[in-house]
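K.L.:
Questions regarding the structure given below will be posed in turn.
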Amino acid sequence: MKILLLGAILLSALNAQQAGVTFDSGSSLLWQDNAAVKKETFTYAEAQKHCENLVIGEYSDFRLPTIYELQTIVDYRNHNPAILNGFKYTASDDVWSSTPYAYRSDSYWTIDFKKGTSEPTSERYSKHIRCVQRIQ
């Protein structure tokens, strides 16, 4: 039984990567991982709408990740990009999170995947996104 379950998980992960997403089994998060991650930028409002409407293969129901979820894929041993191995596409630049910055109502936290650092950014700027969903 355990072997069948493990095989199903591995097959699902392989299919997901071919579809343009990457599954992080440690957090049970399914991440957008296609060329759009590197190329496209959005204001905060555009980013939210884009993730809500995103469909990649058989996957939908995406959203912007929280700052804490984004931090789970940062790998400080890597630089330019500072991201876990297994992701094919990464902009070495700021990526939006859905987490508001407490001291400015028009700002949200971003992570710079060149170095893995985080900072608040005004919602008017265009930044990269990496949409996510939780797999149950």
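None of the figures in this text is laboratory data; all of them are computed from the coordinates on show. These numbers were taken from a predicted model, which means no experiment stands behind them. Glycine also receives a Cβ, built like all others from the backbone with ideal geometry; neighbour counts cover every protein chain displayed.
K.L.:
Limited to region 116-125, what total is found for residues that are within 16 Å of the chain's Cα centre (by Cα) and in a loop (DSSP other than H, G, I, E, B)?
P.N.:
Here the count works out to 1.
Yes/no per residue for (1) out of contact with any His (no Cβ under 6 Å at 6 or more places or on another chain); (2) more than 21 Å from residue 25 (Cα to Cα):
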| position | (1), (2) |
| --- | --- |
| 54 | yes, yes |
| 83 | yes, no |
| 91 | no, yes |
| 106 | yes, yes |
| 112 | yes, yes |
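K.L.:
I've got another one for you. Does residue 99 satisfy the criteria of being assigned to a loop (DSSP other than H, G, I, E, B) and in contact with a helix residue (DSSP H, G or I) (Cβ under 7 Å, 6 or more places away or on another chain)?
P.N.:
no
K.L.:
Here's something else I'd like to know. Among the residues of region 45-66, are any part of a loop (DSSP other than H, G, I, E, B), closer than 19 Å to residue 112 by Cβ and free of Cβ contacts under 8 Å to residues at least 60 places away in the same chain?
P.N.:
Within region 45-66 (the criterion being part of a loop (DSSP other than H, G, I, E, B), closer than 19 Å to residue 112 by Cβ and free of Cβ contacts under 8 Å to residues at least 60 places away in the same chain), the answer is yes, since at least one residue qualifies.
K.L.:
State which residue is surrounded by the most Cβ atoms within 10 Å (Cβ to Cβ) when the search covers only region 67-83 and only residues that are in contact (Cβ under 8 Å) with a residue 40 or more places away in the chain and not in a helix (DSSP H, G or I).
P.N.:
73
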